[in-house]
């Protein structure tokens, strides 16, 4: 940077060169440091005792929450080999977050070779499908009657499989104790956020 005068863009400003700018910056920083030191020495900081108490509780709450998450992960690993896959008859090969197949913890479960989690139809959905059944026309052909009978047999079989699958997953969740740990994790997370 040349040490020559630089004309200011506005009128009434002095010509600034490198030396004047450096001296001005040094003087400004010295003055700011003196003001800060005087104010720090002049008054003691007042801290909110409630915030201090909450700040002291935070590491303990975070450790308790991490321990609950580790316990949930342990349960997931322990029960992974016992967790059944949903029968193909009650699943759909489309991805959906709300009704996707899940593991014992509740995470999406992707089958080997598939990019998305399969959609599992619940018992209410399977029962509603059976409720769609309407009487055949009086002049329905034998082929139509056979297809309808086959459709009813398949839907009743799917309903039976769905009830068995959902009952088995509910039994495994209860036996593993994952529901209690998940409730505990949610409670700890809520209390952790209430700290702030």
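So the values come out like this:
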{"read-out": "Failed condition for residue 188, given (1) touching a helix residue (DSSP H, G or I) at 6+ places or on another chain (Cβ under 8 Å); (2) not in a helix (DSSP H, G or I)", "value": "(2)"}
{"read-out": "Residue in the stretch 19-26 that is closer than 30 Å to residue 173 by Cα, surrounded by 12 or more Cβ atoms within 10 Å (Cβ to Cβ) and at pLDDT 75 or above present", "value": "no"}
{"read-out": "Count - residues of the stretch 81-102 that are surrounded by 15 or more Cβ atoms within 10 Å (Cβ to Cβ), within 19 Å of residue 174 (Cβ to Cβ) and out of contact with any strand residue (DSSP E or B) (no Cβ under 8 Å at 6 or more places or on another chain)", "value": "1"}
{"read-out": "Meets criteria (modelled with pLDDT of 85 or more, at negative phi and surrounded by fewer than 11 Cβ atoms within 10 Å (Cβ to Cβ)) for residue 168", "value": "no"}
{"read-out": "Qualifying residue in the stretch 176-196 (condition: more than 20 Å from residue 89 (Cβ to Cβ) and modelled with pLDDT of 90 or more)", "value": "no"}
{"read-out": "Output for the stretch 121-138, where each listed residue is in contact with a helix residue (DSSP H, G or I) (Cβ under 9 Å, 6 or more places away or on another chain), free of Cβ contacts under 8 Å to residues at least 40 places away in the same chain and not in a loop (DSSP other than H, G, I, E, B)", "value": "125, 126, 127, 129, 130"}
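The values are calculated or read from the model by the stated rules, or taken from the named source; none is laboratory data. Nothing here was measured: the structure is a model prediction, and the numbers come from that model. A quick note on method: Cβ atoms are made from the backbone with ideal geometry, for glycine too, and the neighbour counts reach across all protein chains shown.
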